[in-house]
Structure formats: structure tokens, C-alpha cells
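Below is one structure, written out as C-alpha cells; comments come after it.
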Amino acid sequence: MNKYCPRDLYDNTADFYEAVVRLYIRRLDIHVKKWYKSLNAASYIAFQDSKTVMLPVPKNRTAFLICLHEIGHIAEGWHEISYVNEYLAEMYAISEAKKWNIDTEAYEIKAKQYVLAHLVKDWNANRIKTVKKDIKEWLDVNPTKWKGHQLQLNEDFSISKLK
């Protein structure tokens, strides 16, 4: 149990999620530009330079983890490579959620797919030639087989080499 926001003080899980998100916002001095009532992934964003975010209202576990992901972009800072940014934000969301005893197993699958999509995009744009070891291990990929190839991310999230 976390001493800053004990779960048993809240009547329901949604109130608990919201209290935790607001705690991070205060701790990191983040400004919320907009709260979205629906889960529309295209709308969530973090502006690292101004410490501003647009978030879903954290009424369920998915929205809560998305909030932590966007907060993670602020907490972890900006990196030039997209897949690294997304990996760090996902790791932040997952590790912080676990501190609150929130199950992240299903979220981690989607997080890996999301980071992998950014990795393939970065690879195909020739922004990277190697993959950071910790990210490679987390994604369980072997980029040495990719040298000299463009990649395609398949519907099952496997990777194919293109000619």
C-alpha cells in the first residue's frame, strides 16, 4: 500500500485512479491542457518543454495507465529517437502502476506493440542502426537479422524483412 494515497480511502477504483494521477501531476508540476472523457488514443499528448499534457479522465485501468504513460514523457525527458521516448514512457507507466499494486500484464502487451511500431518506423527512416540492449531484451527482438533491410510490422506484431 502506498502511504500517499491509500486505496481504502476511496469509494471506488475510478476515484482512486484519479487521485493518483492528480498526485503525479502535482508532484511533477504538470499542467493538464485538456481532460478527455473518451478513450481516443490519437488525442493524448505530452509537451515536454512546457510540461503540459492532454489526458483521458482516468476512470478505468487503461485510462489510468495512459495517463501514467503521458506523465512519463514529462518525467523521463525528451530523447531524439521515437522508440526510446515511447519505451521510457511505457516503463514509467508500468513501474509506477506496480507501485500502486495495479496489474499491468495486459497493458504490457500493448505497450510492447506500441514501442515495436515506433522501432520499426525509426529503423525504416534510417534514424537508427542498432537497438538499445534493454529495449531489445524487453521486446525480445534480434535486430542483427535486419541489417540492410526495410521492415514491415505484421498484424500479429511479428516483423518481416522487405527487399
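Just want the answer: with Cβ charges of +1 for Lys and Arg and -1 for Asp and Glu, which residue in L139, M91, Q152 is farthest toward the dipole's positive end in the chain?
Looking along the dipole axis, the top candidate is Q152.
Restricting attention to the alpha-carbon atoms of the stretch 7-162, what are Rg (one decimal) and Dmax (integer), both in Å?
Over the stretch 7-162's Cα set, Rg and Dmax evaluate to 16.6, 56 Å.
For an R0 of 25 angstrom, estimate the FRET efficiency from the Cβ-Cβ distance between E105 and I81 and round to the nearest 0.05. Kindly include the intermediate steps, with their values, before the conclusion.
On the way: r = 27 Å, r/R0 = 1.07.
That pair, E105 with I81, gives E of 0.40.
Within the chain, what percent of beta bridges assigned by DSSP are antiparallel, to the nearest 5? Mind showing how you got there, number by number?
Details: 7 of 12 bridges.
Once the DSSP bridges in the chain are tallied, antiparallel ones form about 60 percent.
Using θ = phi - 60° and the Karplus form 6.51 cos²θ - 1.76 cosθ + 1.60, what ³J(HN,Hα) does each residue of the stretch 30-36 get, whole Hz, x for Gly and Pro?
Using θ = phi - 60°, the values come out as 9, 9, 8, 6, 7, 9, 9 Hz.
Along the Cα-to-Cβ line of A19, 7 Å from the Cα, sits a label point; which residues in the stretch 42-70 have backbone N less than 17 Å from it?
58-61, 64
Using the Karplus curve 6.51 cos²θ - 1.76 cosθ + 1.60 with θ = phi - 60°, what ³J(HN,Hα) values do you get for each residue of the stretch 80-86, in whole Hz, with x for Gly and Pro?
Values per residue, Gly and Pro as x: 5, 9, 4, 5, 5, 4, 5 Hz.
Which shape class, rounded, prolate or oblate, goes with the stretch 68-128 when its Cα gyration tensor gives a ≥ b ≥ c as root eigenvalues, a/c under 1.5 marks rounded, and past that a/b bigger than b/c marks prolate? Before the final figure, lay out the partial values.
Working: a/c = 4.15, a/b = 1.66, b/c = 2.50.
In terms of gyration-tensor shape, oblate.
Give me the net charge for the shell around I30: Cβ to Cβ below 11 angstrom, other residues only, Lys and Arg +1, Asp and Glu -1. Please report the intermediate quantities before stating the final value.
Details: positive: R22, R26, R27, K33, K51; negative: D29, E70.
With Lys, Arg at +1 and Asp, Glu at -1, the neighbours total +3.
Averaging sequence separations of C-alpha pairs under 8 Å and six or more residues apart, then dividing by the length of the stretch 7-162, give the relative contact order as a whole percent.
On the way: 189 pairs, mean separation 22.7, N = 156.
Answer for the stretch 7-162 is 15 percent.
What is the gain in length, in nm to one decimal, between M54 and K129 on full extension, counting 0.36 nm per residue of separation less the C-alpha to C-alpha distance? Don't skip to the end; give the middle numbers.
Working: separation 75, 0.36 × 75 = 27.00 nm, distance 3.24 nm.
Contour length minus Cα-Cα distance gives 23.8 nm.
Place a +1 charge on the Cβ of each Lys and Arg in the chain and a -1 charge on the Cβ of each Asp and Glu, then give the dipole magnitude about the Cα centre in debye, rounded to the nearest 20.
Values: 25 positive and 21 negative charges, 88 e Å.
Computed about the Cα centre, the dipole is about 420 debye.
With springs only between Cα atoms under 10 Å, which of R27, R127, R61 fluctuates most in a Gaussian network model of the chain?
In this elastic network of the chain, the residue with the biggest mean-square fluctuation among R27, R127, R61 is R27.
Here, each number is a calculation from the coordinates, and none is a lab measurement. Keep in mind it's a predicted model, so treat the numbers as computed, not measured. Don't worry about glycine lacking a Cβ; one is built from the backbone with ideal geometry, like all the others, and counts go over all protein chains shown.
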